[in-house]
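The values are calculated or read from the model by the stated rules, or taken from the named source; none is laboratory data. Note that this is a predicted model, so its numbers are computed, not measured. So basically every Cβ, Gly included, is an ideal-geometry build from the backbone, and we count neighbours across all protein chains shown. Protein only, heavy atoms only, side chains kept; ligands, DNA and RNA dropped before computing areas. Shrake-Rupley method; radii C 1.70, N 1.55, O 1.52, S 1.80 Å.
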Amino acid sequence: MRKIALVTGGAGFIGSHLCERLLNEGKYVICVDNLFSGRKENIQHLFRYPNFDFILHDVINPISLKVDEIYHFACPASPPHYQYDPIFTMKTSVIGSLNVLELARFNNAKIMLASTSEVYGDPLEHPQKETYRGNVNPIGPRACYDEGKRAAETLFFDYYRKYKLRIKVIRIFNTYGPRMRHDDGRVVSNFIVQALNNEDITVYGDGTQTRSFCYIDDLIEGIIKMMNSDDSFLGPVNLGNPDEFRVIDLANKIIKMTNSKSKIVFKDLPEDDPKKRRPDITLAKEKLNWEPKTTLDVGLKETIKYFREFLGNYKKLGFL
Ligand code: NAD
Ligand code: UDP
């Protein structure tokens, strides 16, 4: 019997890569998504697999399915998307997590939460270890996402303590790659799209804030290793690339790699924008024997190739 894997948020950037990987491992994959920030194009190529299903559904509402394992990725992830309707974001994190936890309990299924480095907020400890409890503003514009994910982590651990549910919690750091939305608002997609269109590159603040960028293939490998790890390892575990870059340096790198005529312009730094972020991945190395292998140069090359093709097609179809 094939194992049935449910991927919530499966039509999104990370979710679509995850569905593909699980299908290639021979699982029956059910993708549940409300298409808030995901796209049918991300999963179109998966319909050729007889063991793939898509259900248009909002996880804020309960769902009844037969499943063996659940990857709970449904949630808007880019700041413009999660701040567009903050109450919906909070509901997705909290009520959505409750619904999938109940589904896992009903099926006695293993369940993973896609949490985030945002649980560390604007961190006072650097790099961030899983033991760091964070510096989050509970009433700021990022709180719907940060506090929502923190509450989701709480729910996962309470279901473990109360019902012995098999849980896995990963904290994902900035991840990029093909199938990010061109209008998603995150730094890598914004800069590449602006550079390819020879438009101004919008650096927020003075660009000295740092992030660590993980290529999608590396993240997917970490997700799979975590799900297959011993039931006694619950996490939370950081999954991200520890190489740290200043945003301004990323902008210059992308201009160079695309041979762009774009100029850098400086815009206001968004409220509560973390000044630095870098994962300590010691735990992932020890417990999962995982570390990223893709350098930023290699990952950006693939992502630029994807966006060049995507923008070309969109322009031909008259969407841009
Ligand atoms: P994404 O926006 O591309 O994917 C999220 C998917 O969830 C979309 O397809 C969206 O339509 C769907 N969704 C949102 N709310 C939903 C709801 N209420 N019901 C059903 N579907 C819903 O973003 P992503 O980058 O692929 O992120 C996937 C997950 O990984 C998110 O949970 C996010 O918090 C987490 N994460 C991502 C990153 C990153 O750098 N990409 C970093 C940390 C955490
Ligand atoms: N950023 C930027 N220009 C953009 C988009 C983002 O300078 O067009 C900055 C943003 O202020 C932040 C960093 O890049 O400091 C990463 O932003 P992103 O939205 O990708 O992720 P997050 O802030 O959630 O890490």
**OP:** Determine the calculated [θ] at 222 nm for the chain from helices alone, applying -39500 (n - 2.57) to every DSSP H run no shorter than 4 residues and normalising by the residue count; nearest 500 deg cm²/dmol.
**Re:** -12500 deg cm²/dmol
Subject >> Assigned charges on the beta-carbon of Lys, Arg, Asp, Glu; segment 92-165 dipole about Cα centre (debye) >> reply: 360
**OP:** May I ask what percent, to the nearest 5, of DSSP beta bridges between residues of the chain are antiparallel?
**Re:** 10
**OP:** Between Ile255, Ile170, Ile63, find the one with the highest GNM mean-square fluctuation for the chain; connect C-alpha pairs within less than 10 Å.
**Re:** Ile63
Original post:
Picking from Met180, Leu35, Ile220, whose Cα lies most toward the positive end of the charge dipole for the chain (charges on Cβ: Lys, Arg +1; Asp, Glu -1)?
Top reply: Ile220
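Using R₀ = 41 Å, calculate the FRET efficiency as 1/(1 + (r/R₀)^6) where r is the Cβ-Cβ separation of Ile139 and Arg105; round to 0.05.
0.80
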**OP:** Quick one: compute the contact order of the chain, relative version, from alpha carbon pairs under 8 angstrom and 6+ residues apart, as a percent.
**Re:** 17
**OP:** Could you run the Karplus curve 6.51 cos²θ - 1.76 cosθ + 1.60 with θ = phi - 60° over segment 133-142 and give me ³J(HN,Hα) per residue in whole Hz, x for Gly and Pro?
**Re:** 8, x, 9, 9, 7, x, 10, x, x, 8
Subject >> Anchor Lys267: lysines whose Cα lies under 16 Å away (excluding residues fewer than 8 positions away in-chain) >> reply: Lys275
Subject >> Spacing of the two label points (7 Å from each Cα toward its C-beta) at Lys225 and Lys129, in nm >> reply: 2.0
**OP:** Could you pull the Cα extents of segment 115-271 along its three principal axes, largest to smallest, in whole Å?
**Re:** 57, 34, 26
Original post:
Roughly what would the spin-label model give for Met1 and Asp243, points 7 Å off Cα along C-beta, in nm?
Top reply: 4.4
**OP:** Summarise the long-distance tail of P(r) for segment 81-144 by giving the % of C-alpha pairs beyond 17 Å.
**Re:** 55
**OP:** Search the structure for amide H atoms under 5 Å from the amide H of Val32, placed 1.01 Å from N in the peptide plane, and list their residues when 5 or more places away or on another chain.
**Re:** Val7, Thr8, Gly9, Gly10, Ile55
Original post:
In degrees from 0 to 90, rounded to the nearest 10, what is the angle of the helix 13-24 Cα long axis to the longest principal axis of the chain?
Top reply: 50
**OP:** Would you mind checking which residues have amide H under 5 Å from Ile201's amide H? H placed 1.01 Å from N; only 5 or more apart, or other chain.
**Re:** Lys263, Ile264, Val265
Original post:
For segment 113-238, what relative contact order do you get, as a whole percent, if you take Cα pairs closer than 8 Å and at least 6 residues apart?
Top reply: 30
Subject >> Calculated from backbone phi, Karplus (6.51, -1.76, 1.60) coupling profile of segment 179-185 in Hz, x at Gly/Pro >> reply: 6, 5, 6, 5, 10, 6, x
**OP:** Convert each backbone phi in segment 39-48 into a coupling constant with the Karplus relation 6.51 cos²θ - 1.76 cosθ + 1.60 (shift: θ = phi - 60°), then list the ³J(HN,Hα) values in order as whole Hz, x for Gly and Pro.
**Re:** 9, 4, 4, 5, 10, 3, 5, 8, 6, 6
**OP:** Find the relative contact order for segment 1-147 and round it to a whole percent, using C-alpha pairs within less than 8 Å whose residues are 6+ positions apart.
**Re:** 22
Original post:
Of Pro76, Ile55, Asn108, which is farthest along the charge dipole of segment 15-150 in the positive direction, counting Lys and Arg as +1 and Asp and Glu as -1 at C-beta?
Top reply: Asn108
**OP:** Go ahead and set up a Gaussian network model of the chain, Cα springs under 10 Å, then flag whichever of Met257, Met226, Met180 fluctuates most.
**Re:** Met257
**OP:** With springs connecting C-alpha atoms under 10 Å apart, model the chain as a Gaussian network and identify which of Ser93, Ser229, Ser16 has the largest mean-square fluctuation.
**Re:** Ser229
**OP:** Have a look at Ile281, His45, Phe310 and report the one farthest towards the positive end of the charge dipole of the chain, computed about the Cα centre with Cβ charges (Lys/Arg +1, Asp/Glu -1).
**Re:** His45
Original post:
Under a 5 Å amide H to amide H cut-off, with H placed in plane at 1.01 Å, what residues pair with Trp290 once short-range neighbours are removed?
Top reply: Lys285
**OP:** Report the accessible area of Arg105, computed with a 1.4 Å probe over the heavy atoms of all protein chains in place, in Å² rounded to the nearest 10.
**Re:** 100
**OP:** Place a +1 charge on the Cβ of each Lys and Arg in the chain and a -1 charge on the Cβ of each Asp and Glu, then give the dipole magnitude about the Cα centre in debye, rounded to the nearest 20.
**Re:** 560
**OP:** Please grab the % of Cα pairs in the chain that end up more than 37 Å from each other.
**Re:** 12
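About its Cα centre, how strong a charge dipole does segment 1-58 have in debye, to the nearest 20, once Lys and Arg get +1 and Asp and Glu get -1 at the Cβ? Can you show the working numbers first?
Numbers: 7 positive and 6 negative charges, 40 e Å.
In debye, rounded to 20, segment 1-58 gives about 180.
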